[in-house]
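Data first, discussion second: the structure below is written as structure tokens.
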Amino acid sequence: MPLKQLNAQQHVAATATSGKNLIIASAGTGKTSTIVGRIAYLLQNGTDPSKILLLTFTNKAAAEMVARLKRYFDAIIIDKIEAGTFHAVAYRWLKAKNPHLSLKQPGELKTLFRSVYDKRQFHRLSLATTPFSATFLYELYSLYQNSTLDTFSSWMEERYKEHISLLDIYQDIIDEFEATKEEYGFASFNDLLILTIKSLQKEPMEFAEVLVDEYQDTNTLQEALINALKPKSLFCVGDYDQSIYAFNGANIENISTFALRYDSANVYSLSVNYRSTRHILELANRVICKNERIYPKELKVGKSGESIPPKLLIFDTLFEQYQTIAQNIKASNTSYEDIAIIFRNNSSADGLEASLRELGIPCKRKGGTSFFDSKEIRFILDILTLLVNSKDLMAFIHTFEYAKNVGAALAKDIFLTLSHFGNGNLIEGIVAPVNRDLPNLKGAASRQLGLFDDHDEIGLASRFNGMGIDKRVLEHPIVQMARIETDALQFFEKFYRLFKELKREQSSQASISKIINSKLYEHVVNSLATQRAKLKTGEIDQTRKEEAKKRIYNKSKLLLELSRPYYDVSRFINAMILGGGELSEGEGVNLLTVHASKGLEFNDVYIVDLADSRFPNRKLMSKNGGLEEERRLFYVAVTRAKQKLYLSFAKYDKIKKVEYKPSQFLYEAGLLKESKEGVKDERS
């Protein structure tokens, strides 16, 4: 059984008395084994599996723990455990009550937010302060939801006093945005937690124990969800020294004040590291001990065998640094997949990737666009989504992004107009519209700010004569919209023809095949391929464009294959909705930001650009968590290494003509010491 495989520290934690238990699990100390052991202990002592809730930060982590448990218990028992990410669990609960709820990705909601924001004509007002952009305001609103339970206005007043005069406008935009989401049944990831908390206040759910993985990464909203569950027993596992998501709203006080918030709390520590060698752990300890010690601990070596001291690499220039690291990897006996290059700033990745590719070394950058989020696949899924749910405004807006001179605001108005001509049904409004007057699209939003344009003019179909547009399209009432120009109507013609075809199809495969072979998709493919073939001079490389087209069609054919087991379009869309979020395509050397490296391990690790201002990043540390968070980032990066650790520093950037000093972490690690001659390598 899992408990027999635990060491003494893990066993004590896993068998703790029910109550408020916090387990400080340092890097590589077996937190997953401890959580699995804890669940096994609960099951062995008669806990109903349906009364166990496991909350994680990745679906992969939840799946791994469930898979381990199934080695020891019947799958029927384990499948009763509620397990998944905070958002996945909340989504399942909400979907069971509201099948029409539609989860939207941040990019989609930004587009919707922009469609609301763009109605406001800020230039009509005399403003002393430049208004925030739509994207920045959306991101601020999202951060606010994660960070506090206070009102948005008071949160903004505290941080952006110079924008106080604009708060009424910002709030008006947010109010309309929220009303639009509610009208169409859209939910953001934050909404899933907010709606679940509200649901729990009305209908409490009883769990014998709630287990939380990576507790140090929880934000205020996630902590509010945990509190709303009112668990009889709480088992939180995390590491204060690996809290690195302040920029994303993570609240380190959740873990640091655990013992203060719960009078009867028990705190256990796991300190035996089974991942890294003695020299790597000693270096990690030397640096992280500079941070305030909330929970005293020190990593201990749990693995035997050869221990190679970490190596400091010093270079004259950034370019030399990247080239030499690539050459070292080329000469290494370690498989490419077991090598990681970790950096603090994304700007480091381009030079590294170029140097690796130059030597024919394959590499992948985690955090790149997943298969399901690539534009060519997203377009097909959006068309399918409209077939299943004709009220999905976001899918429509994304589709019309490919029409020339059609922004988010106009796309939204086209959607509302088509729905109007279909008596509330978009598809009917496209293929079989009723003859009605244009709708009034001004809505009931606040007018007192005087920030809205008027769009009531009626256009004439005759303006499109001689354009070669299908007669049936010219007779469509959509041409009454004065803002519809030739390019937009030609796009609509392709859109109209496709939906005429799709209305007769039922199966996923047949529908996807129709989409791939349509003139509409041909238009989208040509648009994307042109973008991807554009040179810095603005010219289009035709060879590159044809290659891009082939890659796009190959991707679409893969989606066609994925749909094979799903006859029903709705079932296929549901299966794909959360797909791909954790994927990293490709193979080879791993190029990772520190944040992307968390939870992973590799035989060989290179931590690059360890220069003051780059790592620690002085600019970012002034906003998020300060020097202590930068030090925790360094600690996370170092503890990804199992056998070999290389830390590198370059003195000069030829392109920017900037000289660099070594990172203070190199001094704290004992790899450098100050001398009259300048930087001296302690290990040379």
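The values are calculated or read from the model by the stated rules, or taken from the named source; none is laboratory data. Here the structure is a predicted model, which means the values were calculated and not measured. Cβ placement follows ideal geometry from the backbone for every residue including glycine, while neighbour counts extend to all protein chains displayed. The accessibility values were calculated without ligands, DNA or RNA, using every heavy atom of the protein model including side chains. Shrake-Rupley method; radii C 1.70, N 1.55, O 1.52, S 1.80 Å.
In terms of the Cα gyration tensor, with a ≥ b ≥ c the square roots of its eigenvalues, is segment 1-108 rounded because a/c is under 1.5, prolate because a/b exceeds b/c, or oblate?
prolate
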Report, to the nearest whole %, how much of the accessible area of segment 266-383 belongs to carbon and sulfur atoms, 1.4 Å probe, protein only. 47 percent
Under a point spin-label approximation (7 Å from Cα along Cα-to-Cβ), what is the Asp168-Leu627 distance to one decimal in nm? 4.6 nm
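Taking only C-alpha pairs under 8 Å that are 6+ residues apart, what is the relative contact order of the chain in percent?
In percent, rounded to a whole number, it is 18.
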Accessible surface, the chain, averaged per residue in Å² (probe 1.4 Å): 46 Å²
Loop only per DSSP, at most 14 neighbouring Cβ atoms within 10 Å: give me the GluC sites (Glu not before Pro) in segment 586-668, ordered by residue number. Glu587
Rg to Rh ratio, segment 42-167, alpha-carbon atoms and Kirkwood radius? 1.18
Of the accessible area of segment 478-528, computed with a 1.4 Å probe and all protein chains kept, carbon and sulfur make up a percent value of 39 percent
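In debye, nearest 20, what is the charge dipole magnitude of the chain about its Cα centre with +1 on Lys and Arg Cβ and -1 on Asp and Glu Cβ, if you could check?
Values: 92 positive and 85 negative charges, 269 e Å.
Dipole about the Cα centre, nearest 20: 1300 debye.
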Between the modelled labels at Lys303 and Glu206 (7 Å from Cα along Cα→Cβ) the distance in nm is 4.6 nm
Would you calculate a helix-derived [θ] at 222 nm for the chain, using -39,500 (n - 2.57) for each DSSP H run of n ≥ 4 and dividing by the full residue count, to the nearest 500? -13500 deg cm²/dmol
List the residues whose amide H sits under 5 Å from the amide H of Ile23, counting only those 5 or more places along or on another chain, with H placed 1.01 Å from N in the peptide plane. Cys236, Val237, Gly238, Tyr268
Ranked by how many other beta carbons lie within 10 Å on average, peptides 331-340, 424-433 from highest: 424-433, 331-340
Portion, in percent, of the accessible area of segment 1-96 that falls on carbon or sulfur, probe 1.4 Å: 53 percent
Non-local Lys pairs in segment 1-114, i.e. 8 or more apart or on different chains, that have alpha carbons under 23 Å apart: 22
Under-23-angstrom lysine pairs by C-alpha in segment 139-268, whenever the two are 8 or more apart or on separate chains: 6
Relative contact order of segment 465-532, pairs being alpha-carbon contacts under 8 Å that are 6 or more residues apart, as %: 27 percent
Under a 5 Å amide H to amide H cut-off, with H placed in plane at 1.01 Å, what residues pair with Thr593 once short-range neighbours are removed? Phe343
From the phi of every residue in segment 314-325, what ³J(HN,Hα) in whole Hz does the Karplus formula 6.51 cos²θ - 1.76 cosθ + 1.60 yield, where θ is phi - 60° and glycine or proline is x? 10, 10, 6, 9, 4, 4, 5, 4, 5, 5, 5, 4
What does the charge add up to near Ser33, with Lys and Arg as +1, Asp and Glu as -1, over the other residues with Cβ less than 14 Å from its Cβ? +4
Taking one equal scatterer on every alpha-carbon of segment 6-57, how large is log10 of I(q)/I(0) by Debye at q = 0.15, 0.23, 0.27, 0.28 1/Å? -0.41, -0.95, -1.24, -1.30
Given N residues in segment 48-116, what is its alpha carbon radius of gyration divided by 2.2 N^0.38 Å? 1.44
If every Lys and Arg gets +1 and every Asp and Glu gets -1 at its Cβ, then about the Cα centre segment 1-150 yields a dipole, in debye to the nearest 20, of 160 debye
Taking the DSSP beta bridges in the chain as the whole, what percent of them are antiparallel, to the nearest 5? 20 percent
Suppose a student asked you for the relative contact order of segment 317-420, using Cα pairs under 8 Å spaced at least 6 residues apart; what percent would you report? 17 percent
